[in-house]
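Data first, discussion second: the structure below is written as structure tokens.
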Amino acid sequence: MQFPLLLPTLLFGQVLGQTLDDPDRDHAWAPAGPGDFRGPCPMMNTLANHGFIQRDGANITRENAVNGLREGLNFNPDLSNIMFDQAIIANPEPNATYFTLDQLNVHNLLEHDASLSRSDAYFGNNHVFNQTVFDETKKWWQGPIINANMLANSKVARQLSSKAFNPTYVFTQLTEEFSLGEVVAPVIAFGDIEAVTVNRTLVEYFFENERLPTVLGWKKREDVISLSTIFHATSVLRNATSLFTDSKAVLSKRKLSRNSHFG
Ligand code: HEM
Ligand code: MG
């Protein structure tokens, strides 16, 4: 929390009738106001909406990002530093020391096609939550628990849709690496990382409100999230994106179809 924001936040808390000793008073959710910056990342927007990073989404320094990701989600500083290093190219100034959330909007820099909840730049706004796109994504999340296979299917489906209908579709090997991390991110924040599963209700609430799903019973993870934690989940997701199966699965499906249709 930056010092200049402390006073208005305290005052706002009092207006809402909160007591000054409420430990969560600094992190009450509030949507972006006029003039605030937001971008294509639902989590950075969420952290700003809760004041874990600047509520106005402006001038996010390394220290702001590292502290915000630790306080909001229990990310380890080594991991957050790597993420900041990857993000700082968003600020076009040489030797920049901060980025703003709207600088993340530049198409084909960090923002890319086939997002789960945003439109491709070719079709319109590439950074504001888009319910139609998200509904397309949710179709692949069958059941109350989303697993790696469902996440992978939604990712591949969004890519297929963009490849088919967006003549400017770009999705490089590097995009794939970022995309895998983004698609598995809800598991990292809200789910069972070992099993690579996450409660669908939490994920939908998060995307649709850009708000941490505390009201649904979610709590910040007690274990620190490190790069190795993310590697595990990402590699399970990567495997799940393959459209091949092993021969056993193909045979059992054939058996199933013989039984049901011709048996
Ligand atoms: C997407 C930046 C941290 C979750 C994105 C995108 C950017 C971005 C540029 C847009 C990619 C696209 O076109 O879809 C950042 C930066 C971060 C950060 C700079 C920190 C320094 C996080 C964290 C999480 C997260 C900690 C959650 C644990 C997501 C998700 C998407 C996304 C779920 C995909 C949105 C979609 O496909 O619609 N992020 N991000 N991000 N990010 Fe982040
Ligand atoms: Mg995008």
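No lab work stands behind these numbers, since they all come straight from the coordinates. The shown structure was predicted, so the numbers you read here are calculated from the model rather than taken from an experiment. Virtual Cβ from ideal backbone geometry, glycine too; neighbours counted across all protein chains shown.
Normalised size of the stretch 136-224, defined as Cα radius of gyration per 2.2 N^0.38 Å with N residues, equals 1.17.
The GNM of the chain, with springs linking C-alpha atoms under 10 angstrom apart, assigns the highest mean-square fluctuation among Pro167, Pro31, Pro42 to Pro167. When a/c reaches 1.5 or more, the comparison of a/b and b/c decides; with that in mind, is the stretch 73-141 rounded, prolate or oblate per its Cα gyration tensor? The shape class here is oblate. FRET efficiency for the pair Glu177 and Ala28, taken as 1/(1 + (r/R0)^6) with r the Cβ-Cβ distance and R0 = 45 Å, rounds to 0.80.
Spin-label model, Asp192/Asn125: points 7 Å from Cα along the beta carbon direction are separated by 3.7 nm. Each Lys and Arg adds +1 at its Cβ and each Asp and Glu adds -1 at its Cβ; summed about the Cα centre, the stretch 182-231 shows a dipole of about 140 debye. For the pair Asn149 and Ile82, how long in nm is the line joining their label points, each one 7 Å along Cα→Cβ? Each label point lies 7 Å from its Cα, and together they span 2.9 nm.
Scanning residues 5 or more positions from Ile145 or on other chains, those with amide H under 5 Å from its amide H are Arg200, with H placed 1.01 Å from N in the peptide plane. Longest segment of the chain with no trypsin sites (Lys or Arg not before Pro) in a DSSP loop having at most 14 other Cβ atoms within 10 Å? By the stated rule (loop sites, at most 14 other Cβ atoms within 10 Å), 1-138. The Asn108 and Leu160 beta-carbon pair, evaluated with R₀ = 22 Å, returns a calculated FRET efficiency of approximately 0.70.
Note on the chain: antiparallel DSSP beta bridges, both residues inside, total approximately 75 percent of the bridges counted. Extension gain, Ser242 to Arg221, is 4.6 nm, computed as 0.36 nm per intervening residue step minus the present C-alpha separation. Report the one residue of Ser161, Gly124, Ser228 whose Cα lies farthest in the direction of the positive end of the charge dipole of the chain (charges on C-beta: Lys and Arg +1, Asp and Glu -1; origin at the Cα centre). Final value for the positive-end residue is Ser161.
This model, with +1 at the C-beta of Lys and Arg and -1 at the C-beta of Asp and Glu, gives the chain a dipole about its Cα centre of some 1340 debye.
Approximating the spin labels as points 7 Å out from Cα along Cα→Cβ, the His232-to-Glu208 distance works out to 3.1 nm.
Expressed as a whole percent, how much of the Cα-Cα distance distribution for the stretch 15-244 exceeds 27 Å? Of all Cα-Cα pairs in the stretch 15-244, 31 percent lie more than 27 Å apart. Between Gly68, Gly191, Gly217, where does the largest GNM mean-square fluctuation fall for the chain, given springs only between Cα atoms within less than 10 Å? Comparing Gly68, Gly191, Gly217 in the GNM, the peak value goes to Gly217.
The count of lysine pairs in the chain whose Cα atoms are under 24 Å apart, excluding pairs fewer than 8 places apart on the same chain, comes to 8.
Taking the longest Cα principal axis of the chain as reference, the axis of helix 62-73 is set at about 60 degrees. Among Thr172, Thr197, Thr46, the ranking by other beta carbons within 10 Å of each residue's beta carbon, starting with the fewest, stands as Thr172, Thr197, Thr46.
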